[in-house]
Amino acid sequence: MGLKKGPFVVADTVSVDGDPYSSTTKGVIELGPSPEIVATVDVCVTEPQKTQVSLDSMAQIAVIDRNTVGNPITFEVKYEILRNDTVIATINDKMDYETIGDPSRHTNFPSFPVLDNHPGVGMNRYELRVARIETPEVGSIFVASRSLKATVFTV
């Protein structure tokens, strides 16, 4: 009797319990223009021609603006999924919102699915990397809770 052949899942999840708008909260990362790796999973592939890796990612984005109440704010965050230090997917997420406080705060939970067909043989490291695109009206952008999940299928 052998092991059942079917998909398997590998995940890296960080849950932040506290203020997502503060870099002093354990697990919160303040974004700058340089990309930050916020989640990583490793997948071992033995038959690349028969393997697909479905990647699901999520990152809680917390924004504090410098603008006055009632003004629209635009911020942009760049997400990248990498396999073995090579970018396989890029998403530029540009968001607009109306300010309601001084300073105003906004939280977003973007998630991005990616399918990687036929990754290389051996150990493959997948990373979720996030960077802030500079906009003058935004004070700080933080990444709080986040996850990267790889579901590996043999086809």
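Could you grab me the full set of residues in the stretch 85-118 that are crowded, with 16+ Cβ neighbours inside 10 Å, modelled with pLDDT of 95 or more and of a type outside the set (V, I, T)?
Within the stretch 85-118, A89, D116 meet the criteria.
Contact list please: Cβ distance under 8 Å, first residue in the stretch 40-53 and more than 15 Å from T86 (Cβ to Cβ), second residue acidic (D, E) and in a loop (DSSP other than H, G, I, E, B), pairs at least six apart or on different chains.
Every condition considered, no pair remains.
Check whether at least one residue in the stretch 33-53 is within 20 Å of the chain's Cα centre (by Cα) and farther than 30 Å from V152 by Cβ, and report yes or no.
Yes, some residue in the stretch 33-53 is within 20 Å of the chain's Cα centre (by Cα) and farther than 30 Å from V152 by Cβ.
Counting only residues that are touching a strand residue (DSSP E or B) at 6+ places or on another chain (Cβ under 9 Å) and exposed (fewer than 12 other Cβ atoms within 10 Å of the Cβ), which one in the stretch 121-138 is farthest from L82 (Cα to Cα)?
If we take residues in the stretch 121-138 being touching a strand residue (DSSP E or B) at 6+ places or on another chain (Cβ under 9 Å) and exposed (fewer than 12 other Cβ atoms within 10 Å of the Cβ), then E134 is farthest from L82 (Cα to Cα).
Within the stretch 59-80, is even one residue small (G, A, S) and either in a strand (DSSP E or B) or touching an Asp or Glu at 6+ places or on another chain (Cβ under 6 Å) (or both)?
yes
Given the residues A11, A62, which is the only one that is surrounded by fewer than 15 Cβ atoms within 10 Å (Cβ to Cβ), at pLDDT 90 or above and either of a type in the set (G, A, S) or touching a Leu at 6+ places or on another chain (Cβ under 7 Å) (or both)? Steps first, answer last, please.
Details: A62 fails: surrounded by fewer than 15 Cβ atoms within 10 Å (Cβ to Cβ).
Testing whether each residue is surrounded by fewer than 15 Cβ atoms within 10 Å (Cβ to Cβ), at pLDDT 90 or above and either of a type in the set (G, A, S) or touching a Leu at 6+ places or on another chain (Cβ under 7 Å) (or both) leaves just A11.
The values are calculated or read from the model by the stated rules, or taken from the named source; none is laboratory data. Everything numeric here is computed off the predicted structure, so don't read it as measured data. Don't worry about glycine lacking a Cβ; one is built from the backbone with ideal geometry, like all the others, and counts go over all protein chains shown.
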